[in-house]
Structures are given as structure tokens and as C-alpha cells.
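These notes concern the structure reproduced below.
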Amino acid sequence: MVGIVIVAHGELAKALLETACMIVGPVDRCEACTFAQDKSAEGLRKMLRDAIKKVDVGEGVMILTDMFGGTPSNISLSFLEQDRVEVVTGVNLPMVIYALTKREGKKLGELAQILKNNACSNISVASEILSAPPKG
């Protein structure tokens, strides 16, 4: 099973994991790393290193981070390793739920592509959906 680490600014990572668990139930091999303003880059690097070790069972680790170019993402990128650690940015609740429920039996790269494609297809403009003529 691919391990999951969620890392984001403020309490977002913790809130995403807690909310996902409320919806899907308890999960294994998933950690949240909170990046607060008072935490050093080296402190976050150590927290990430420890979280990766904790969730890794030899099938890879997916780091889900909030935004490309931010400190959590930049530090996460230092752990990027072919077929061992992948980083997907733009984390949101549907992505976390999908990662937790669809990771079984998936290879790391395959899961990354599934998450990217699913995240893009889950962005909606409500007025476009609600004003569309009924199908059928």
C-alpha cells in the first residue's frame, strides 16, 4: 500500500486528514504535517522525513501538498525519488479521500496520475451544472 503524507501551511493538512477520516473511517499509513510560521525549514524537513519513514511499507510514499512553490511543497520536493516518493500539489478534500480509498494495489506513479486526473475533474462551477438542461 502506498503511504500518504499530507503537508500544508497552517493546520490545513491536519484538518484534511481528520475530515477525510470522518468520512471514510480510520486509515493506516497516513500522516499530516503542519507547517506553522514559527517552524524552521529544517524542522519541517525533519517532520517530513519522520512521517515518510512512518508510512513507508516499501510500496512508495505520496506527499500531497497545498500549492506548488510554497515552502511545504518546496521542502517536499527535496524528498522526490523515482518510484519511492512522489509529490502531488493542489491537495483538497476529494483528493485526500480518493488517495486513501483508491491506493490499494496501485503503483506510486499510477496513483499520482489518478489523483491528478481526478482532482481536475472534480473542479466545478456550480452555476454551470445547475443551469444545464436535464439529460434524457
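The values are calculated or read from the model by the stated rules, or taken from the named source; none is laboratory data. For clarity, every value in this text was computed on a predicted model and none was experimentally measured. Cβ coordinates were reconstructed from backbone atoms using ideal geometry, including for glycine residues, and neighbour counts include every protein chain displayed.
Hey, among the residues in the range 57-66 that are of a type outside the set (Val, Ile, Thr) and either in contact (Cβ under 8 Å) with a residue 40 or more places away in the chain or surrounded by 15 or more Cβ atoms within 10 Å (Cβ to Cβ) (or both), which one's nearest to LEU12 (Cα to Cα)? The extreme case among them is ASP66.
Among the residues here, GLY58 does not qualify as touching a Ser or Thr at 6+ places or on another chain (Cβ under 8 Å) and at positive phi. Of LYS54, LYS39, all but one fail to be surrounded by 13 or more Cβ atoms within 10 Å (Cβ to Cβ) and modelled with pLDDT under 95; the exception is LYS39. Taking the range 4-29 as the range and being assigned to a loop (DSSP other than H, G, I, E, B) and over 14 Å from THR101 (Cβ atoms) as the test, only GLU11 passes. Tell me, please, whether a residue that is over 18 Å from ARG103 (Cβ atoms), polar (S, T, N, Q) and assigned to a strand (DSSP E or B) can be found in the range 36-48. No, the range 36-48 contains no residue that is over 18 Å from ARG103 (Cβ atoms), polar (S, T, N, Q) and assigned to a strand (DSSP E or B).
Among the residues of the range 67-95, those that are part of a loop (DSSP other than H, G, I, E, B) and either free of Cβ contacts under 8 Å to residues at least 12 places away in the same chain or surrounded by fewer than 16 Cβ atoms within 10 Å (Cβ to Cβ) (or both) comprise MET67, PHE68, GLY69, SER78, LEU80, GLN82, ASP83, ARG84, ASN92. Of all the listed residues (ALA32, ALA99, ALA119), the sole one being assigned to a helix (DSSP H, G or I), of a type outside the set (Val, Ile, Thr) and touching a strand residue (DSSP E or B) at 6+ places or on another chain (Cβ under 6 Å) is ALA99.
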